[in-house]
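A.B. asks: Take this structure, written in structure tokens, and hold onto it; I'll ask about it next.
Derivation of every value follows stated rules applied to the coordinates shown; laboratory data play no part. Because the structure is predicted, anything quoted here is derived from the model rather than measured. Here the Cβ positions follow ideal geometry from the backbone for every residue, glycine too, while neighbour counts run over all protein chains shown.
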Amino acid sequence: MLSSDTQAFLHILASLLTLGQVIYMLPGQAKSRSALWAFSFVSLIPYLTDTFRIAQSSNISSGQHPIEALIHSAQADFDRMLRKQSQNYTAAYNEYRRRYSIEPPPGFKAWYEFARLHQSPIIDEFDHLYEAVSPFWRLNGQDIRDIMDEIENMRRSHSELWFCTFSGQEAKTRCSHPERTFDRHIQSSLDHLFQDLGGFLPDVKFLINHLDEPRVLMPPQSLGKRFNLTNLSRRPVWDKLTKYCSSWDIQSAQTTHTTEKPILPFVVDPVLATDLCQHPEYSAMHGLITSPTSFYLFEGAVPILSTGSLSTMGDILYPSPAYNESEFKYTIDTHDVDWERKQNNLYWAGSTTGGFAVDETWQHYHRQRFVQLAQNLEQHQYSYLREHDGMIGVTKSSLFIPGRLFNAAFTRIFQCERRYCRDQRAYFQLKSWADKDQALRSRLVFDLDGNGISGRYYKLLASKSVPLKQTLLR
């Protein structure tokens, strides 16, 4: 696989040969025939400027790449977590009580034995599940059943919920919807997860979100069995989503970063980076917040399972059924190539999901901002890190660099009013629909939110490429 420098040089050589062929075909007596060679500078000048800037880049460190340092730090944290996991049931039982100040749920011992049988390296980490479920302890079991029954009796399609029951003895799930018949593989996905657990689990009734977008805003104070359902589709939802951010959170957002900011804005703390209360600037940077395609918000203690959620929301998370679909699974039939044969660039292709464009603010949606950056449509200069002679340096881009480093484009423009669909088609450089494994021909593969979580993320993690992730969703 050719390096980006070699590819750039070959592009220059090809343009010179083409120009030479055109000049050669002109009549011998044509005036200013030799002057046409001046057009060679059109391709040479950006290339030479780029090369000069790289050579003159300022060295910022003689040690490891800053991303490599982040990787090592994260690996060390993960290793420490693994070393602290309980090694027997008694230790796991005591650790659960210590962390959460409650008794483990019924069946905890059977769960522990199941986890050990399947060689799970993680035993003690229930923080996300605890945070999602603990608000419902304000209510008793009958209250929760009454809430679910009231929603089911509403029979309104815009509740967009599947009403599911699970038979513990059969390990089978059955789901129904007021109007829909296709459940987006929810039932088959749950049956696949629980297929070996017949007789071990109780009968359960639960609600599952049909939409990609999260659904539940949990008030800090109990509303009892009361809840509100509001249609906020295609309108800004920031004020609603952050209405319960405390004054302490706002103050923290103002004071946390009083120390000198790092030269390069890498994400060091993913939890802090995705906390809406700490980042008021996100109010105009993500399509889900600016103009969600579908946003039917429950405000109250409504137990809804969703595949993704924002930091201020109270959906109970479960694995997306998309992870089991053939398009999003990494198998022996996946067309992947070894690292050495991959193109030395970053790849992304997809559609304009993530928000519904009803005005000019589409330029600030998360997917549009990324493609605008990758295609350098505003022709800004950006800082790049580059290793040269064993040193890490920062260099400013020229217009020549992005085309060599990025292969990113929309393949479909939709979720927009006609005028703003037309504007986006005129603005972006589009390409045809891409093969599902096309991304794996590049060394770096980008993955970002659509209307909700990305179904392809785990496939990219399993591949021989390196995924880069942009998300606000848990």
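A.B. asks: Please report the spacing between the Cα centers of the stretch 293-340 and the stretch 99-133 in Å, no decimals.
C.D. replies: If we compute the Cα centre of each part, the gap is 22 Å.
A.B. asks: Straight distance only, please: which aspartates and glutamates reach the Cα of residue 342 with their own Cα at less than 15 Å, same-chain residues fewer than 8 apart left out?
C.D. replies: Filter leaves 5, 437.
A.B. asks: Could you tell me the relative contact order of the stretch 339-470? Use alpha-carbon pairs under 8 Å, at least six residues apart, and round to a whole percent.
C.D. replies: 35 percent
A.B. asks: Evaluate Rg over Rh across the stretch 66-124, taking Cα atoms for both radii and Kirkwood's formula for Rh.
C.D. replies: Rounded to two decimals, Rg/Rh equals 1.11.
A.B. asks: Give the value in nm², to one decimal: projected area of the alpha carbon convex hull of the stretch 74-162, averaged over all directions. Mind dumping the intermediate values first?
C.D. replies: On the way: hull surface 34.6 nm².
Dividing the Cα hull surface by four gives the mean projection, 8.7 nm².
A.B. asks: Okay, next question. In bins 5 Å wide, starting from 0, what share of all Cα pairs of the stretch 339-470 does each bin hold, as a percent?
C.D. replies: Cα pair-distance distribution for the stretch 339-470, in percent: 2, 10, 18, 21, 20, 15, 9, 4, 1, 0, 0.
A.B. asks: Going highest first, how would you order 359-365, 427-433 by mean Cβ packing within 10 Å?
C.D. replies: Packing order, densest peptide first, comes out as 359-365, 427-433.
A.B. asks: On to the next question. In percent, how large is the relative contact order of the stretch 66-124, given Cα pairs closer than 8 Å and 6 or more residues apart?
C.D. replies: RCO, the stretch 66-124: 37 percent.
A.B. asks: Please state the charge dipole magnitude for the stretch 408-454, taken about the Cα centre, from unit charges on C-beta atoms (+1 on K and R, -1 on D and E), reported in debye and rounded to the nearest 20.
C.D. replies: Details: 9 positive and 6 negative charges, 50 e Å.
So the dipole magnitude of the stretch 408-454 works out to roughly 240 debye.
A.B. asks: Further question: Starting at the first residue of the stretch 329-340, write each ³J(HN,Hα) from the Karplus equation 6.51 cos²θ - 1.76 cosθ + 1.60 with θ = phi - 60°, in whole Hz, x for Gly and Pro.
C.D. replies: Once θ is set to phi - 60°, the couplings for the stretch 329-340 become 9, 9, 10, 5, 8, 5, 7, 10, 10, 5, 3, 5 Hz.
A.B. asks: Below 8 Å between Cα atoms, with a sequence gap of 6+, how large is the relative contact order for the stretch 278-416 in percent? All intermediate terms of the calculation are to be shown ahead of the outcome.
C.D. replies: Values: 150 pairs, mean separation 39.8, N = 139.
Here the relative contact order equals 29 percent.
A.B. asks: Using the structure shown, list the pairs from 329/464; 329/431; 84/109; 172/329; 436/459; 84/329 with a Cα-Cα distance above 21 Å, or answer none.
C.D. replies: From the list (329/464; 329/431; 84/109; 172/329; 436/459; 84/329), the Cα-Cα distance tops 21 Å for 329/431; 172/329; 84/329.
A.B. asks: Please compute the modelled spin-label separation between residue 335 and residue 180, points set 7 Å along Cα→Cβ, answer in nm with one decimal.
C.D. replies: Each label point is offset 7 Å from its Cα along the Cβ direction, giving 3.1 nm.
A.B. asks: Which ordering of 297, 207 is given by a fewest-first count of other beta-carbon atoms within 10 Å?
C.D. replies: 297, 207
A.B. asks: Right, something else. Given +1 on the Cβ of Lys and Arg, -1 on the Cβ of Asp and Glu, and no further charges, what dipole in debye does the stretch 66-124 carry about its Cα centre, rounded to the nearest 20? Walk me through the numbers on the way to the answer.
C.D. replies: Working: 8 positive and 7 negative charges, 47 e Å.
With only Lys, Arg, Asp and Glu charged at Cβ, the dipole is about 220 debye.
A.B. asks: Which of the aspartates and glutamates could a cross-linker bridge to residue 205, judged by Cα under 20 Å and excluding same-chain residues fewer than eight apart?
C.D. replies: In chain and number order, the partners are 143, 146, 149, 150, 152, 160, 170, 179, 183, 191, 196, 315.
A.B. asks: Turning to a different aspect of this structure: I need the phi-derived Karplus couplings for the stretch 232-239: 6.51 cos²θ - 1.76 cosθ + 1.60, θ = phi - 60°, integer Hz, Gly and Pro marked x.
C.D. replies: Going residue by residue, I get 10, 4, 6, 8, x, 10, 4, 4 Hz, with x marking Gly and Pro.
A.B. asks: Work out from phi, with θ = phi - 60° and the Karplus expression 6.51 cos²θ - 1.76 cosθ + 1.60, the ³J(HN,Hα) of each residue of the stretch 348-365, listed in order in whole Hz, and give x for Gly and Pro.
C.D. replies: In residue order, the calculated couplings are 7, 8, x, 10, 8, 6, x, x, 10, 7, 10, 7, 6, 5, 4, 5, 9, 5 Hz.
A.B. asks: A follow-up question, please. Along the charge dipole of the stretch 66-124, pointing to its positive end and built from +1/-1 on Cβ of Lys, Arg, Asp and Glu, which listed residue (96, 119, 73) has its Cα farthest out?
C.D. replies: 96
A.B. asks: Can you list residues whose amide H is under 5 Å from residue 445's amide H, if they're 5+ apart or on another chain and H is modeled 1.01 Å from N?
C.D. replies: 347, 466, 468
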